[in-house]
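Only one structure is covered here, and it is reproduced in the block below.
Here, each number is a calculation from the coordinates, and none is a lab measurement. In this text the structure is predicted, and so the values were computed from the model without any measurement. Cβ atoms come from the backbone with ideal geometry, glycine included; neighbour counts cover every protein chain shown.
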C-alpha cells in the first residue's frame with residue numbers, strides 16, 4: 001500500500017499519522033504498523049523542534065515514537081527496523097555511543113546485512129574515526145550493500161578529511177546514479193534536492209542531525225553549524241524517556257537469551 005509513503009513524501013505527516021493510527025486500531029499487535037507509526041511520530045517530533053521550536057510538541061511525539069518502536073520490539077524481538085530508527089534518533093539527540101550500540105544490534109539481528117555495516121560506517125565518520133569508517137564501508141561492500149549507501153559514506157569521509165575534489169566526485173555520482181540518497185538526512189527529508197555539493201553541505205551544516213558532526217568541514221566552507229536548541233528541562237525529559245526505553249528493551253532480550261542481544265553499553269569492536 002503506497003498511501004502512507006506517498007503522504008510522508010508529500011509532507012502530509014498528519015495524514016500519515018491518521019492512516020497509521022487507524023491501522024493500529026485494526027491491528028494492534030502488528031510490529032510493522034507500530035514501527036511505521038513510530039517513524040511518523042518521530043518525523044512530527046523533528047519538525048516540531050527544528051522548524052517550530054515547540055519543545056512540548058517535540059517531547060510529546062518523541063515519547064510516542066519511542067513507545068511505538070519499543071512496542072514493536074516487544075511484539076517481534078527479531079525485527080531490526082525499530083532498532084534502526086531508535087539509533088537514528090540517538091544520532092539526532094547527539095548520543096553517538098548509544099547509536100553505535102543500536103546499529104550493532106541491527107547487525108547482530110541480520111549479521112549478513114551490508115546495510116547495517118554502512119550505518120556503522122556513517123557513525124564512525126561522525127565520530128571522526130575515518131579509518132574505521134572505511135573498514136566498515138568496505139565490509140558493507142563485501143556484503144552487497146547498495147552502491148548509493150556506500151558512495152554517500154565515501155562522500156562524507158572525503159569531506160571529513162578535507163579532500164574536497166573527491167567529495168565533489170562522489171556527490172556527482174550520487175546525483176547522477178543514486179539521487180534518492182540526496183533526499184534525506186537522518187531520515188528527515190531535504191526540502192529541495194541539492195544540485196551542487198555545496199547545497200548538500202549547506203543543508204547538512206544547517207541540520208542538528210548532521211552539522212555538529214561535520215563541524216570542521218562546515219567551517220572550511222564557511223557554513224554555520226546548527227545545533228539543537230533545547231532547555232535543561234527538556235533534556236531531563238528526554239533522559240527519562242531514554243531510561244524507560246532502555247529498561248523495556250533490556251526486559252525483552254532478558255527473555256530472549258537465544259538471540260544473544262545485549263542492548264547495553266559495551267565494547268563495540270568487531
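A compact table of results
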{"read-out": "Region 1-146, relative contact order in percent, only Cα pairs under 8 angstrom and at least six apart counted", "value": "14"}
{"read-out": "FRET E, pair residue 224, residue 25, Förster distance 30 Å, beta-carbon r, rounded to 0.05", "value": "0.10"}
{"read-out": "Crossing angle, helix 13-26 versus the chain [Cα axis fit, 0-90 degrees, rounded to tens]", "value": "30"}
{"read-out": "Inter-part distance where region 3-35 and region 68-136 are each reduced to a Cα centre, Å", "value": "23"}
{"read-out": "With Cα atoms, 0 to 90° folded angle of helix 130-142 axis to the chain main axis", "value": "70"}
{"read-out": "Percentage relative contact order, region 66-155, counting C-alpha pairs under 8 Å, at least six apart", "value": "21"}
{"read-out": "Percent of Cα-Cα distances greater than 18 Å, calculated over region 60-187", "value": "56"}
{"read-out": "Label point at residue 135 placed 7 Å out along Cα→Cβ; residues across region 101-123 whose backbone nitrogen lies under 15 Å", "value": "117-118, 120-123"}
{"read-out": "Mean separation of Cα contacts under 8 Å, 6 or more apart, over the residue count of the chain: relative contact order %", "value": "15"}
{"read-out": "Principal-axis tilt of helix 96-109 within the chain, Cα atoms, nearest 10 degrees", "value": "70"}
